[in-house]
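Below is one structure, written out as structure tokens; comments come after it.
The values are calculated or read from the model by the stated rules, or taken from the named source; none is laboratory data. Values in this document were obtained by computation on a predicted structure and should not be read as measured data. For neighbour counting, all protein chains shown are included, and Cβ atoms are generated from backbone atoms with ideal geometry for every residue, glycine included.
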Amino acid sequence: MAKNSSPARRALGQNALVLAVSIVAAFLVSMIFILALGVSPVDAFVSMFRGALTRKYGLAEVLAKATPLIIIGVGVALATRGGMSNLGGDGQFYIGAICSICVGLFLPPSTPALVVWVLALIVGILSGGFWGGLSGWLKAKFNTSEVIITIMLNYVALYLMGWLVHGPLQAPGGIPQTQALEKSFQLPKIISGTRAHAGIFIALASALLVWWIFKKTTLGYRIQTVGESPDAAVYAGIKTNRYMSLIMALSGAFAGMAGMVEVYGVHYRVLEGISSSFGFTAMLIALLAKLNPLAVVIGSLFISALTVGANSMQIDMSVPTSIVNVVQSLIIFFMLITPAIKSDLLSSISKKRHKKEVA
Amino acid sequence: MSKHILRMDQITKVFGKMTANDHVDLTVRKGEILALLGENGAGKSTLMNILYGLYKPTSGQIYFNGEPVSINSPLKAIELGIGMVHQHFMLIPAFKVWENVVLGLGGRVILDEAAAKEKIRALASEYQLEVDPDARISNLPVGLQQQVEILKVLYRGSRLLILDEPTGVLTPSEKVKLFQTLRELTKDGFSVIFISHKLDEVMEISDRVTVLCRGKKIGTVDTKDMTKEKLARLMVGRDVVFTVEKTASKGSQDKVLEIQDLSVKGRRLASTIKHLNLTIHAGEILGVSGVDGNGQSELVEAITGLRPVESGKVLIDGKDMTNRSPAEIIKAKTALVPEDRKKVGSVKSYNIEKNLILRDLTNPAYCKHGILNYKALEKTADEIIQEYDIRLSERQSPVGALSGGNLQKVILAREIKSQPRLLVAMHPTRGLDVGAIEFIHKKLIEARDAGAAVLLVSAELEEILSLSDRVVVMSGGRISGELGEKDITMEKIGLLMGGEKLGGSANG
């Protein structure tokens, strides 16, 4: 028996190694693109690093950007573990944002902030959960693909929001946005003068909650069983149809919650373009994190740092921020091919060794 | 010229710390059927994968037709004239027979369809294979699919055929047909390696037997000098009891399962259940025999809530459980050892603990208020591993890494630990080795003696004969006959399987 190396721990170590190799490789390859722009890659990366991690403003920005990604990301991880694909993070986010801002807009300004936040959070969770659960219910009832339904519902939510901010909820002044929240209703900043707000704690709590659900609870066990083996789940007496709706509703609830947090923490109003495709970025992060909720936190911080760093790189070195997309895509690319390369490499090494032995 | 077509000399294969083959010798004569016998995990598959070029031996030498050869890929094996019929067929269901046969042969850009079909027809008629080159694989029954696999091997000009557990999926008549084909082939000088752990078959078909045990060769013997018991002893390394020790059922009048006039729509017409009646008492084993696909699966699914009942009633312990959910039926103390232990009976990525609570999530010993108590589970798992002698390389390994016998023990342990009133076991020993079968039989009888009513569905007549207190035979979705303990014989069951009535009209 190897000492204290359970299969799970070994897998974790391997995943971490693959990820590290992928990130390094991605940066190396993206150097070519930066070189092609006539900029020294070293200078570019130094600027990136400085921008994201050495200044107060940069760090705060990383936290602010990571907040919605973490919340949506753990929801995506939950759905995927349950065998469902939630590509509707954006739509659920919009719905959560719209519904939760109404709480702040329509309650009298004298309402205690805590009451507003709790109510808004609940509304965000319920509305996002409804939007997500819809696709799960349709799948259970009519065997429709949740992939397609969630993507289509993104558009429904997007245009619903567009109509609201151009119409019924539009603030005076002609700009397509809602009125701003009362100052007292805004989530407190954790670093003054920046955009980093208390929502990060909600994000961390979400990640811990999902981690705990899968680690300790029968709910997590059931969700995972439905995802791993639907036949075994039926045999186990789990009502898999009901779980499809539940899983998607829970996943949507997190995205809806992210909508609330983003509105109350950053924008204080709903406006078009409030989500810069958080849903898809969160999906990518959940996959990078191998569906581990705690790793989603790290992944979100990392991707946010890349984005923030890229902004400073653009300002300092005039390297376009889209280089970040290149890096992100390359990481995924290398993550997918590394295991294949590794096993190939191993077998060729063992072949060589074998030949030596024979000779 | 050598009389041996194949000689494997001192083959050793080491995987990490495990030695799968330890200096194994094996020879195959021209025109003989050599059975390769051994329990699961004895190293049969490893040895054959080496022969077929899938694994490289750590040491040892292979001679084919007297020449030393190095087989480093299946392509090379095929080139030499070694063909393999895998346990799980390697056919593309959407393709036609002839397309499957020529698949992978390579060479030309344009296929000569007519020539290929001609050659297939010639081969088929020569060996009485009922294969139509234009039939689509997905439309063929399993027996014919296997014939296609054999044809594929012959088409490639193989002289040595390796058949890996070829009878596992066949009906009795398909098996007879396969054995005919094999005898036909050996008459024409083909050689066959027949991998199996079924002693009856080995006794019936082989000329010689090579026995492997834990990676080592125990010996090679002429089949005609052997008996089943002797072979079993060689294979397991100890005496094996074939007739399970079992006292007579206590004959309780306590009806645990009562099925009244049950009709269930089946996957096929033959398996649709029509007006079926059945009763099992506490402390007895009712064997349900019959050719697969005559409604046994549907019956089990209807009882356990996995398939809707069209009409009639299912009573468990006197309570009407017709069309209740699987969860409710589990609560009514019904345990199920399902047909498919990998996909249904267990979750392969979970370790033993997590598999133990698969159907026991409401048990307060392991979970309170929706929170799982892994400590308590771990203790139970340790006990079960002890009691059931479950062998695993690592305690926390996912059960996907377990052998079939060990996995089935985990499932059986879980179901028996729930102290069921009704225990439904479907093909509980299919594909398992002698040691595991013996153990599982013992546990089933223990469950019966503890007062459970046991419904045993099996296609293995021997299993039915040795375990059942009563037997019903299913044919075409109906019960074609029932036999009390004193009437249970192989012949009677065989007749009923074909749907005949016993003691019928005198004019026959």
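Can you tell me which residue in the range A:110-141 is farthest from residue A:83 (Cα to Cα), limited to those that are out of contact with any Ser or Thr (no Cβ under 7 Å at 6 or more places or on another chain) and of a type in the set (Val, Ile, Thr)?
A:111
State all residues of the range A:281-323 that are in contact with a Lys or Arg (Cβ under 6 Å, 6 or more places away or on another chain) and not hydroxyl-bearing (Ser, Thr, Tyr); if no residue qualifies, say none.
Across the range A:281-323, the qualifying residue is only A:291.
Can you give me the number of residues within the range B:309-342 that are surrounded by fewer than 16 Cβ atoms within 10 Å (Cβ to Cβ), acidic (Asp, Glu) and within 30 Å of the chain's Cα centre (by Cα)?
Summing the residues that are surrounded by fewer than 16 Cβ atoms within 10 Å (Cβ to Cβ), acidic (Asp, Glu) and within 30 Å of the chain's Cα centre (by Cα) in the range B:309-342 gives 1.
Determine which single condition residue B:439 fails, assuming it passes every other condition in (1) modelled with pLDDT of 90 or more; (2) of a type in the set (A, V, I, L, M, F, W, C); (3) under 15 Å from the mean Cα position of the chain (by Cα).
Exception for residue B:439: condition (3).
Applying the selection to the range B:47-81, what residues are in contact (Cβ under 8 Å) with a residue 40 or more places away in the chain and among the polar types (S, T, N, Q)?
Scanning the range B:47-81 gives B:58, B:59, B:61, B:65.
In the set A:36, A:60, A:64, which member is out of contact with any helix residue (DSSP H, G or I) (no Cβ under 8 Å at 6 or more places or on another chain), surrounded by 14 or more Cβ atoms within 10 Å (Cβ to Cβ) and aliphatic (A, V, I, L, M)?
A:60
Give the range B:68-88 a look and list any residue that's within 20 Å of residue B:124 (Cα to Cα) and either hydroxyl-bearing (Ser, Thr, Tyr) or surrounded by fewer than 18 Cβ atoms within 10 Å (Cβ to Cβ) (or both), or say none.
B:86, the sole residue that qualifies.
Which one of these is touching a residue at least 40 places away in the same chain (Cβ under 8 Å), in contact with a helix residue (DSSP H, G or I) (Cβ under 7 Å, 6 or more places away or on another chain) and surrounded by fewer than 21 Cβ atoms within 10 Å (Cβ to Cβ): A:125, A:151, A:191?
Answer to the check: A:191.
Quick one: which of B:184, B:130, B:204, B:229 is part of a helix (DSSP H, G or I) and within 24 Å of residue B:291 (Cβ to Cβ)?
B:204
Here is a check on your reading of the model: is residue B:401 small (Gly, Ala, Ser) and within 14 Å of another protein chain (Cβ to nearest Cβ)?
yes
Out of A:285, A:223, I need the residue that is touching a Phe, Trp or Tyr at 6+ places or on another chain (Cβ under 9 Å) and within 14 Å of chain B (Cβ to nearest Cβ). Which one?
A:223
Residue B:445 - would you say it is closer than 29 Å to residue A:223 by Cα and among the aliphatic types (A, V, I, L, M)?
No; evaluated as a whole, the condition is false for this residue.
For residues that are among the basic types (Lys, Arg), within 13 Å of chain A (Cβ to nearest Cβ) and within 29 Å of residue B:493 (Cβ to Cβ), tally how many sit in the range B:282-325.
1
Check residue A:273 against each of (1) crowded, with 20+ Cβ neighbours inside 10 Å; (2) closer than 30 Å to residue A:168 by Cα and name the one condition it does not meet.
(1)
Select from the range A:230-245 the residues that are hydroxyl-bearing (Ser, Thr, Tyr) and either more than 24 Å from residue A:128 (Cβ to Cβ) or facing chain B (nearest Cβ under 7 Å) (or both) and list them in ascending order.
A:235
For the range B:101-139, give me each residue that is touching a residue at least 40 places away in the same chain (Cβ under 8 Å) and under 25 Å from the mean Cα position of the chain (by Cα).
Hits for the range B:101-139 are B:129, B:137, B:138.
Select from the range A:276-313 the residues that are over 15 Å from the mean Cα position of the chain (by Cα) and buried (at least 19 other Cβ atoms within 10 Å of the Cβ) and list them in ascending order.
A:308, A:309, A:310, A:312, A:313, listed by residue number.
Look through B:394, B:328 and report the one residue that is among the acidic types (Asp, Glu), farther than 23 Å from residue B:426 by Cβ and facing another protein chain (nearest Cβ under 9 Å).
The conditions single out B:394.
If we scan the range B:452-461, do we find a residue that is farther than 26 Å from residue B:421 by Cβ and among the small types (Gly, Ala, Ser)?
Scanning the range B:452-461, I find no residue that is farther than 26 Å from residue B:421 by Cβ and among the small types (Gly, Ala, Ser), so the answer is no.
Any chance you could count how many residues in the range B:336-384 are within 11 Å of another protein chain (Cβ to nearest Cβ) and under 19 Å from residue B:440 (Cβ atoms)?
13
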